[in-house]
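To start, the structure under review is shown below, and the notes come after it.
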Amino acid sequence: NPYAGLVSRLRAAWLSGKTRPMEYRVAQLEALGRFLDEKKQEILEATALDMGKPPFEAEFSEILLCKNELNTALNNLSHWMKDEHVDKNLVTQLDSAFIRKDPYGVVLIIAPWNYPIHVFLVPLIGAIAAGNCVIIKPSETSKNTERLVAEVLSCYLDNDCYAVVTAGTQETTRLLENKFDYIFFTGTSSVGRIVMAAAAKHLTPVTLELGGKNPCYVSDTCDVQNVARRVAWGRFFNAGQTCIAPDYVLCSAKMQEKLLPALRKAIADFYGPNPQESPDFGRIVGDKQFQQVQALLHSGRVAIGGQTDEKERYIAPTVLVDLQLSHPIMKEEIFGPILPIVTVANVDEAIDFINSRERPLVVYAFSSDDKVVNQVLERTSSGGFCGNDTLMHVTLTSLPFGGIGSSGLGMYHGKFTFDTFTHHRGCLHRNMGREALNALRYPPYSRQKLGVVRAASEVKRRGVCTLL
């Protein structure tokens, strides 16, 4: 296997204990901060070349949010690493019971192309903070960013413990044949199944950050202009190539009539009369992806936009109406600047529609009535939830980010990333003396011994008081 030597080298470094001291972890995390600061312009240029990412969007999503994750880890690492002492029963009162935060070992991070810095760097921050050695596999689709990461990251990190592998599909398949102690994958559900199957051969735990069709319910009681701006921003940010973008809107026919002109105005306000000329609107990452998204335009009727330019890989901000559930756009994740609107009678029908499909990465709900937002929250299931806005929940390092069911497995961001790459090792350290206290548990057994052992080790339910 072409990667066996690399994995063995990193495993030897991990077994040496090099990555365990807090000072070492802090030094590597600070080096990542220098990477973001010193290579900021190169990151902006690479993401612009790969998908025409506007500098504002790149700096916000690829740099600022990563710096937030980095500083959260640096601010809290000493606390996260400490042994966590736990409650004890009567038998173990004189002993030490605690949770030790152990690194898994050698972990693999496979990143996607849509946020090519953010979605490898955020898990890497947690993996380093947790004391692991790491192999990073950036996406070959965003080739300029891949080249930057491959050429530059090794100048900042310890090459004995961290490595970047550039690989296509065949090479990644060979890479996955190696035994890792944890695999973190972000991408499509079809590839996620392949990764999970490869991990199963070694009983390797995984985090799968996948996609899905994220519903966005808009009630009849709301500020239509505000809704339009927030939904349009979330759908067309990064030219729609965002796993948590609102994938389709559910609203009444009455709300659709109000929402269409509001969306048209929001798009014009954001990108001008011709979004193709706007410096603030991106492009589809590759020809293959362009063809896939363009094909979805044949679903339903184009109400706004619809223009394309294959040479530039440009697809205009587009809104579709008059859709059937059999249309391709209602069956697969869009991953482009297209927003379908599906009409429903009321919130109950919207909830039934959401619950009849696979559980999404996020559910969005807009309403001036908090009861309606809470109703959608309480009666649906998804990886995350955001009321009266889009995307913004992902900016908080205090919230876990991850999917459920077909939208993913596991979570990260902030301390949740540290916990993902940490084995929580249950530890009990007993005193060598006081053997007389243990005699009750040894044979020969008796009912009297059992009674004493039960009294000393039983966990009882606290008293419940009912107010009449």
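Summary table
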quantity: Compactness of the chain as Cα Rg over 2.2 N^0.38 Å, two decimals; calculated: 1.13
quantity: In degrees, nearest ten, helix 370-379 long axis to first principal axis of the chain (Cα); calculated: 60 degrees
quantity: Carbon and sulfur %, accessible surface of region 215-406 computed with the full protein complex present, 1.4 Å; calculated: 48 percent
quantity: Probe 1.4 Å - accessible area at Tyr217, Å² to nearest ten; calculated: 20 Å²
quantity: Solvent exposure ordering (accessible area, 1.4 Å, most first) of Trp233, Trp14, Trp80; calculated: Trp233, Trp14, Trp80
quantity: Heavy-atom accessible area per residue - the chain, 1.4 Å, Å²; calculated: 47 Å²
quantity: Area accessible to solvent at Ser356, 1.4 Å probe radius, in Å²; calculated: 90 Å²
quantity: Estimated [θ] at 222 nm from DSSP helical runs (n ≥ 4, -39500 (n - 2.57)) normalised by residues in the chain, nearest 500; calculated: -11500 deg cm²/dmol
quantity: Vicinal HN-Hα couplings computed from phi for region 436-449 (Karplus, 6.51 cos²θ - 1.76 cosθ + 1.60; Hz; Gly/Pro x); calculated: 4, 5, 8, 4, 5, 8, 8, x, x, 7, 8, 4, 5, 4
quantity: Rg ratio (alpha-carbon, reference 2.2 N^0.38 Å) - region 215-406; calculated: 0.97
quantity: Span from the region 383-406 Cα centroid across to the region 26-97 one, whole angstrom; calculated: 18 Å
quantity: Linear extension gain, Leu377 paired with Arg447, 0.36 nm per residue minus alpha-carbon span; calculated: 20.0 nm
quantity: For region 215-406: lysine pairs under 29 Å (alpha-carbon distance), excluding those fewer than 8 apart on one chain; calculated: 11
quantity: Within region 248-320, trypsin sites (Lys or Arg not before Pro) in DSSP loop having at most 13 other beta-carbon neighbours inside 10 Å; calculated: Lys311
quantity: Computed FRET value (nearest 0.05) for Leu6 with Glu84, which takes r as the C-beta separation and R₀ as 41 Å; calculated: 0.75
quantity: Exposure rule at most 16 other beta-carbon atoms within 10 Å, DSSP loop GluC sites (Glu not before Pro): the chain longest free segment; calculated: 1-139
quantity: Accessible-area composition of region 96-190, carbon plus sulfur, in percent [1.4 Å probe]; calculated: 47 percent
quantity: Charge dipole magnitude, Cβ of K and R +1, D and E -1 - the chain, Cα centre, debye nearest 20; calculated: 2040 debye
quantity: Where labels lie 7 Å past Cα in the beta-carbon direction, separation of Phe98 and Arg462 in nm; calculated: 2.6 nm
quantity: Qualifying trypsin sites (Lys or Arg not before Pro) for region 1-67 [loop in DSSP, other Cβ within 10 Å: at most 16]; calculated: Lys18
quantity: Calculated FRET efficiency for the pair Ala197/Asp352, C-beta based, R₀ 35 Å, to 0.05; calculated: 0.55
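The values are calculated or read from the model by the stated rules, or taken from the named source; none is laboratory data. All values derive from a computational prediction rather than experimental measurement. As a convention, Cβ positions derive from the backbone with ideal geometry for all residues, glycine included, and neighbour counts pool all protein chains shown. For accessibility, only protein heavy atoms count, side chains too; no ligands or nucleic acids. Shrake-Rupley method; radii C 1.70, N 1.55, O 1.52, S 1.80 Å.
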